[in-house]
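I have placed the structure first, in the form of structure tokens, so that the comments after it can refer back to it.
The values are calculated or read from the model by the stated rules, or taken from the named source; none is laboratory data. Remember, it's a predicted structure, so these values are computed and weren't measured experimentally. Every residue, glycine as well, gets a Cβ built from its backbone with ideal geometry; the counts of neighbours run over all protein chains shown. Accessible surface areas use protein heavy atoms only, side chains included; no ligands, DNA or RNA. Shrake-Rupley method; radii C 1.70, N 1.55, O 1.52, S 1.80 Å.
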Amino acid sequence: MTSPRSSRLAVLASGHGSNLRALADADRAGELGGSIVLVLSDRPGCGAISIARERGIAVETPDAGCFRTRLEPAAESEWVERLRAHDVDTILLAGFMRILHAPFLDAFPGRVLNIHPSLLPAFPGVDAIHQAWRHGARITGCTVHLVTAGIDEGPILMQSAVPVLDDDSEETLAARIHAAEHALFPRAVRAFLERPFRLEGRRVLWLAPEAP
Ligand code: GRF
């Protein structure tokens, strides 16, 4: 009997790439449940690209088109083609600053994950850390969820809570949230790839315990 093929992951990133680094570290340690085979970025020169190159991960920067917050439809098809060319089955959005639409999401149904720096459904959209800070939240955190057409609305896979301390600045809070993200995202990816679950409405019900 042949063992099931290990998942082929692509990371889409636009920024510093600290989550990509955490995912690549987990991959190297055999703790991700799959292998990162491709990084796609819409921002030539961003930190994520350097991290991919340092790690020897294939990296491509296909044209994103003329819009700022989404891929142009023709570009979206091109991005799907690049992912297919690398036989990718699961997409991880790690600080990817564009909204993905039906053609892309339909190409990888239920296989696109995003990390967001708040406890959703609180503070969706951009500047989530700033939103929580300005709101005076006492607890915030980060969320890994499945991506659906609604922004930051998909079923929640895992969350991690982060306290807001009295002597925090927005910067110290952001650092604590990022540290929580770097632990949560690889853990949630591994669970997604290895643990059976079912969706009840928008609730994710895990059917097996987490690996030790
Ligand atoms: C993270 O805070 C992530 O939650 C958000 O964008 C940020 C990306 O940071 N979606 P990095 O590029 O991974 O360092």
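Which residue, chosen from Pro212, Val11, Leu92, occupies the Cα position most advanced towards the positive end of the dipole of the chain, where the dipole is computed from +1 (Lys, Arg) and -1 (Asp, Glu) charges on Cβ about the Cα centre? Result: Pro212. When only Cα pairs below 8 angstrom with a gap of at least 6 residues are kept, the chain shows a relative contact order of 18 percent. A straight chain from Glu81 to Ile151 at 0.36 nm per residue would run longer than the Cα-Cα distance by 22.9 nm. Sorting the segments 113-124, 61-72, 133-144 by their residues' average number of neighbouring beta-carbon atoms within 10 angstrom, most packed first, yields 113-124, 133-144, 61-72. Split the accessible area of the chain by element, probe 1.4 Å, and carbon with sulfur accounts for 53%.
Compute the length gained on full extension between Thr61 and Arg195: take 0.36 nm times their separation in residues and subtract their Cα-Cα distance, giving the result in nm to one decimal.
45.0 nm
When the stretch 8-195 is described by a simple charge dipole with +1 on each Lys and Arg Cβ and -1 on each Asp and Glu Cβ, the residue from Ser50, Thr140, Gly33 located farthest towards its positive end is Gly33. Amide H to amide H, with H built 1.01 Å from N, Val59 comes under 5 Å of Val39, counting only residues 5 or more places away or on other chains. Using a Förster distance of 25 angstrom, determine the FRET efficiency expected from the C-beta separation of Arg43 and Ala175, and round it to 0.05. According to the calculation, E is roughly 0.65.
Given axes a ≥ b ≥ c from the Cα gyration tensor, I'd like to know whether the stretch 8-195 is rounded (a/c under 1.5), prolate (a/b larger than b/c) or oblate. Because a/c hits 1.5 or more and a/b exceeds b/c, the stretch 8-195 counts as prolate. Heavy-atom accessible surface of the stretch 8-195, averaged per residue, reaches 45 Å², computed with a 1.4 Å probe. Other residues within the sphere of radius under 9 Å centred on the Cβ of Met97, judged by their own Cβ, net out at +2 (K and R +1, D and E -1).
Couplings 3J(HN,Hα) for the stretch 187-200, derived from phi with the Karplus relation 6.51 cos²θ - 1.76 cosθ + 1.60 (θ = phi - 60°), are 5, 5, 5, 4, 4, 4, 7, 10, 9, x, 8, 10, 9, 10 Hz, where x marks Gly and Pro. Between Arg8 and Arg68, the FRET efficiency estimated from the beta carbon spacing at R0 = 41 angstrom works out to 0.90. Karplus-based coupling profile of the stretch 153-165, in residue order and whole Hz: 10, x, x, 8, 8, 7, 9, 9, 8, 10, x, 9, 8, with θ = phi - 60° in 6.51 cos²θ - 1.76 cosθ + 1.60 and x standing for Gly or Pro.
Around Ala74, with a cut-off of 15 angstrom between Cβ atoms, what is the net charge of the other residues, counting Lys and Arg +1 and Asp and Glu -1?
-3
Between Leu207 and Asp168, the modelled labels are 3.7 nm apart [label points 7 Å from Cα along Cα→Cβ]. A simple charge model with +1 on the Cβ of Lys and Arg, -1 on the Cβ of Asp and Glu and nothing else charged puts the dipole of the stretch 8-195 at about 240 debye relative to its Cα centre.
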